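A.B. asks: Pasting in a structure now, in structure tokens, and then I'll have a few things to ask.
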Amino acid sequence: MSRLKTALGGYAGYQGREGHLAFLLHRVTGLGTVLFLTIHIVDTALVYFRPELYMDAVALYRSTLFGIGEVFLVFCVFYHGINGLRIAAFDLFLKKNWQIQTARSSVRWTLGLTLLLWLPATVIMVRNLLIHNFGLFGG
Amino acid sequence: MSAVNLEKRRSFDQIAWNAMRYSGVLLIFLAFGHVLLQDVIVGVHRIDLDYVAMRWANWGWRMYDLFLLAFAFAHGMNGVRQVLSDFVHQERHMRAVNVALLVVWLVVTLMGAAAIFGGVRPVQ
Ligand code: HEM
Ligand code: HEM
């Protein structure tokens, strides 16, 4: 357990500014997505194994609680993907961009681009939720 | 701690390191495309058995889902392995983690693939 404390203490206490934030977010969003994905593959597989249960799974996805979770999930996928592309590009072809100033500004670009994709997607998803779960906008 | 075969270990982790990056580039198209389509354009309120049957009537979409399944889940499970290796320092324990993750990965991937090839079955 002291290992756990050391590692988690490092996550919290290290003061690495943008790079630190990018790392933590990459980790959390990756783990969040793979947790969802595991459940999602199994519930999709119901269409073949137990089709009569598939709509019960979809009903969960249509709930307000999951609708909110979905907004975060989409953030996770967008941020993790864009940041992952940044990591892959720098590691594979643009190693000199790991230089501290460039790396820092690239994190800000990553966050900006993520918000640019995520905010419109959120508007649409929240609108769908308000239409179907709250009867707004003529739903 | 038991002796570690550093040569072998390093080469596997090198492959994994590269695989995370190349599969990631592929996943930009596969995962972003899927999420934009299912969550944003279609939305969960329009998804049901008929919808999945309609999509899987097209083998192109089945192959798309198969690639997504293969790459996203392998990438994600290897990511989990990477994260856990920061916490687990004993070779013996890490081997147990690897075996457990391999089993979960195999079982879930096979379930997903069975559904993609088997398609939507009628409700009894
Ligand atoms: C959308 C495109 C994606 C890209 C470009 C991408 C890229 C990457 C890269 C480059 C890494 C390695 C990071 C490192 O070694 O420092 C990584 C780690 C990871 N990815 Fe992805 N990924 C993508 C999608 C996904 C998806 C869909 C999942 C979940 C199923 C996922 C889960 C993970 C996890 C759990 C890690 C380990 C995180 C860590 O070591 O801190 N990724 N990703
Ligand atoms: C909440 C958001 C999501 C919704 C509403 C959704 C919806 C669906 C639907 C309806 C299917 C059935 C097949 C089809 O129509 O193509 C499916 C399959 C699949 N989705 Fe998603 N999806 C979501 C998020 C994700 C994410 C984030 C990933 C990957 C990182 C993903 C990966 C997959 C895979 C691998 C399959 C095939 C599963 C199997 O073979 O059992 N989905 N999804």
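The numbers here are math on the coordinates, done by the rules we state, and not lab data. It should be emphasised that the depicted structure is a prediction, and the values quoted were computed from it without experimental measurement. No Cβ is skipped: glycine too gets one built from the backbone with ideal geometry, and neighbour counts run over all protein chains shown.
A.B. asks: Only one residue in B:ARG55, B:ARG46 is more than 7 Å from every other protein chain (Cβ to nearest Cβ), farther than 30 Å from B:TRP17 by Cβ, crowded, with 16+ Cβ neighbours inside 10 Å and more than 9 Å from ligand 1 (Cβ to nearest atom). Which one? I'd like the intermediate steps shown before the answer.
C.D. replies: Working: B:ARG46 fails: crowded, with 16+ Cβ neighbours inside 10 Å.
Selected residue: B:ARG55, the only one of B:ARG55, B:ARG46 that is more than 7 Å from every other protein chain (Cβ to nearest Cβ), farther than 30 Å from B:TRP17 by Cβ, crowded, with 16+ Cβ neighbours inside 10 Å and more than 9 Å from ligand 1 (Cβ to nearest atom).
Matching residues to (1) in contact (Cβ under 8 Å) with a residue 12 or more places away in the chain; (2) more than 9 Å from the chain's Cα centre (by Cα); (3) part of a helix (DSSP H, G or I):
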position	(1), (2), (3)
A:LEU21	yes, yes, yes
A:LEU24	yes, yes, yes
A:THR29	yes, no, yes
A:GLY32	yes, no, yes
A:LEU35	no, yes, yes
A:ILE39	no, yes, yes
A:ASP43	yes, yes, yes
A:ALA57	yes, yes, yes
A:PHE78	yes, no, yes
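A.B. asks: Considering only region A:73-99, state which residues are loosely packed, with under 14 Cβ neighbours inside 10 Å, closer than 23 Å to B:LEU30 by Cβ and more than 8 Å from chain B (Cβ to nearest Cβ).
C.D. replies: Taking region A:73-99 and keeping what is loosely packed, with under 14 Cβ neighbours inside 10 Å, we get A:92-96, A:98-99.
Subset that is closer than 23 Å to B:LEU30 by Cβ: A:92-93.
Once the filter is applied, which keeps residues that are loosely packed, with under 14 Cβ neighbours inside 10 Å, closer than 23 Å to B:LEU30 by Cβ and more than 8 Å from chain B (Cβ to nearest Cβ), region A:73-99 yields only A:PHE93.
A.B. asks: Against the condition closer than 23 Å to B:GLY119 by Cβ, without any contact (Cβ under 8 Å) to a residue 24 or more places away in the chain, out of contact with any Gly (no Cβ under 7 Å at 6 or more places or on another chain) and within 16 Å of ligand 2 (Cβ to nearest atom), how does A:PHE66 come out, does it pass? Let's see the steps before the verdict.
C.D. replies: Numbers: closer than 23 Å to B:GLY119 by Cβ: no; without any contact (Cβ under 8 Å) to a residue 24 or more places away in the chain: yes; out of contact with any Gly (no Cβ under 7 Å at 6 or more places or on another chain): yes; within 16 Å of ligand 2 (Cβ to nearest atom): yes.
It is false that A:PHE66 is closer than 23 Å to B:GLY119 by Cβ, without any contact (Cβ under 8 Å) to a residue 24 or more places away in the chain, out of contact with any Gly (no Cβ under 7 Å at 6 or more places or on another chain) and within 16 Å of ligand 2 (Cβ to nearest atom).
A.B. asks: Still on this structure: Looking at (1) at the interface with chain B (Cβ under 7 Å from one of its Cβ atoms); (2) in contact with a Ser or Thr (Cβ under 7 Å, 6 or more places away or on another chain), which one does A:LEU4 not meet, given that it meets all the others?
C.D. replies: It fails just one condition, (2).
A.B. asks: Moving on to the next point. Filter region B:26-40 for residues that are near ligand 1 (Cβ under 8 Å from one of its atoms), surrounded by 18 or more Cβ atoms within 10 Å (Cβ to Cβ) and either within 11 Å of A:HIS80 (Cβ to Cβ) or not hydrophobic (A, V, I, L, M, F, W, C) (or both) and give the result.
C.D. replies: Hits for region B:26-40 are B:LEU27, B:ALA31.
A.B. asks: Among A:THR110, A:THR102, which is the only one that is polar (S, T, N, Q), within 17 Å of B:VAL25 (Cα to Cα) and in a helix (DSSP H, G or I)?
C.D. replies: Working: A:THR102 fails: within 17 Å of B:VAL25 (Cα to Cα).
None of the other options fit; the residue is A:THR110.
A.B. asks: Here's another thing I want to ask about it. Residue check: is B:ARG21 away from ligand 2 (no atom under 16 Å from the Cβ), basic (Lys, Arg), touching a helix residue (DSSP H, G or I) at 6+ places or on another chain (Cβ under 8 Å) and without any contact (Cβ under 8 Å) to a residue 12 or more places away in the chain? Let's see the steps before the verdict.
C.D. replies: Working: away from ligand 2 (no atom under 16 Å from the Cβ): yes; basic (Lys, Arg): yes; touching a helix residue (DSSP H, G or I) at 6+ places or on another chain (Cβ under 8 Å): yes; without any contact (Cβ under 8 Å) to a residue 12 or more places away in the chain: yes.
Here the answer is yes, as B:ARG21 does meet what is asked.
A.B. asks: So, one more: Exactly one of (1) over 24 Å from A:GLY16 (Cα atoms); (2) in a helix (DSSP H, G or I); (3) more than 10 Å from chain B (Cβ to nearest Cβ) is unmet by A:GLY138. Its number?
C.D. replies: Condition not satisfied by A:GLY138: (2).
A.B. asks: Does A:LEU53 meet the test of being touching a residue at least 60 places away in the same chain (Cβ under 8 Å), closer than 30 Å to B:ALA57 by Cα and within 12 Å of chain B (Cβ to nearest Cβ)? I'd like the intermediate steps shown before the answer.
C.D. replies: Values: touching a residue at least 60 places away in the same chain (Cβ under 8 Å): no; closer than 30 Å to B:ALA57 by Cα: yes; within 12 Å of chain B (Cβ to nearest Cβ): yes.
Against the criterion (touching a residue at least 60 places away in the same chain (Cβ under 8 Å), closer than 30 Å to B:ALA57 by Cα and within 12 Å of chain B (Cβ to nearest Cβ)), A:LEU53 does not qualify.
A.B. asks: Further question on the same structure: When you check B:LEU37 against the structure, is it more than 11 Å from chain A (Cβ to nearest Cβ) and of a type outside the set (Gly, Ala, Ser), yes or no?
C.D. replies: Details: more than 11 Å from chain A (Cβ to nearest Cβ): yes; of a type outside the set (Gly, Ala, Ser): yes.
Yes; evaluated as a whole, the condition is true for this residue.
A.B. asks: A further question on this structure: Quick one: how many residues across region B:75-116 are within 11 Å of ligand 2 (Cβ to nearest atom) and in contact (Cβ under 8 Å) with a residue 40 or more places away in the chain? So that I can check it myself, show each step before the final result.
C.D. replies: Of all residues in region B:75-116, those within 11 Å of ligand 2 (Cβ to nearest atom) come to B:75-76, B:108-116.
With in contact (Cβ under 8 Å) with a residue 40 or more places away in the chain added as a condition, the list becomes B:75, B:109, B:112-113, B:116.
Qualifying residue count, region B:75-116: 5.
Let's see how each residue does on (1) within 8 Å of another protein chain (Cβ to nearest Cβ); (2) part of a helix (DSSP H, G or I); (3) not small (Gly, Ala, Ser):
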residue: B:LEU30; (1), (2), (3): no, yes, yes
residue: B:ALA70; (1), (2), (3): no, yes, no
residue: B:LEU101; (1), (2), (3): no, yes, yes
residue: B:GLY112; (1), (2), (3): yes, yes, no
